[in-house]
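Peer 1: First the structure, which I've put down as structure tokens, then a few questions once you've had a look.
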Amino acid sequence: MKRTCKKYFCLLLLLTCSILVNAQDTIIKKDGLRIDCKIILVDSVSIIYRPAKVASNNLIMQLSDVAIIKYANGQLLMNAKVAETIKISGPSYTKDGYQVIVIHPTIGESIDLAEKKKYQLFPSYYFSNRDFVSAQFLKKPDGTIILRAVVSKGKFPDKISSQKEVDRYAAKIVDRKTSAGAVAGAFSIVLGTVIVGLILLLITINSIFL
């Protein structure tokens, strides 16, 4: 029994070591270059790291060249000197490391007042059209989705949201666009019918008087 327990303990230890060895940190530079590595040290001016796929000594990179540092545990660090949202190949992130969720390509990364009114987004008990400036859905490193808004008066605290709510607003946008398209299509059909009728009427009148 002791020998069996010892065997399973050794297997568990090996598995844990394997996970720890394979876990990688990631540096994303301002130019979009992604470096998988082991980060040794980060100070106020530079990063000391060891590349993951190349046998190499520790290397040094200036912190001013870095946009995002992503640790193996999921923690994100942003360069405070980079703009509010950094665009890289893939999702965009806010300066506090939250991923920006695009609810629909028509909207983009941020919902403004005109889009809020057009697609009838957010109930009035969140904020009125008079106070609303913009809003974003964001995903935290732990997977939690929040709604972050900018209002003209006071401060709107981050609100816990969900993928279900994101999908619901995306569906509203699709419904509004579909309805608008259907109305436009119906109007085109009616207009076309009227034009054809007028042409036929003119032809008839012309044939009578000639």
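Peer 1: Residues with amide H under 5 Å of VAL150's amide H, sequence separation 5 or more or different chain, H placed in the peptide plane at 1.01 Å from N; which?
Peer 2: VAL133, SER134, ALA135
Peer 1: Tell me, what ³J(HN,Hα) does each residue in the range 100-107 have, in order and in whole Hz, if you take phi through Karplus 6.51 cos²θ - 1.76 cosθ + 1.60 with θ = phi - 60° and put x for Gly and Pro?
Peer 2: 7, 9, 8, 6, 6, x, 5, 7
Peer 1: How far apart, in nanometres, would the label points at SER128 and SER92 be if each is projected 7 angstrom from Cα along the Cα-to-Cβ direction?
Peer 2: 3.0 nm
Peer 1: Exceeding 19 Å between C-alpha atoms, which entries from my cross-link table qualify? They are LYS29/LYS95; LYS95/LYS153; LYS118/LYS140; LYS70/LYS155; LYS118/LYS172. Provide the component values of the computation, followed by the final result.
Peer 2: Details: LYS29/LYS95 14 Å; LYS95/LYS153 23 Å; LYS118/LYS140 28 Å; LYS70/LYS155 29 Å; LYS118/LYS172 10 Å.
The answer is LYS95/LYS153; LYS118/LYS140; LYS70/LYS155.
Peer 1: On a full-extension model of 0.36 nm per residue, what is the gain between TYR71 and ASP158, subtracting their alpha-carbon distance, rounded to one decimal in nm?
Peer 2: Taking TYR71 through ASP158 to full extension adds about 28.9 nm, to one decimal.
Peer 1: Which ³J(HN,Hα) values in Hz, rounded to whole numbers, follow from the phi angles of the range 143-149 under the Karplus curve 6.51 cos²θ - 1.76 cosθ + 1.60, where θ = phi - 60° and Gly and Pro get x?
Peer 2: Values per residue, Gly and Pro as x: x, 5, 9, 10, 9, 10, 10 Hz.
Peer 1: Could you give me the ³J(HN,Hα) list for the range 165-173, computed from phi with Karplus coefficients 6.51, -1.76, 1.60 and θ = phi - 60°, whole Hz, x at Gly and Pro?
Peer 2: 5, 4, 5, 5, 5, 4, 5, 4, 5
Any read-out appearing in this document is the output of simple, stated calculations on the displayed coordinates, not a laboratory observation. What you see is a predicted model; the values in this text were computed from it and never measured. Methodologically, a virtual Cβ is constructed for each residue, glycine included, from the backbone with ideal geometry; neighbour enumeration extends over all protein chains shown.
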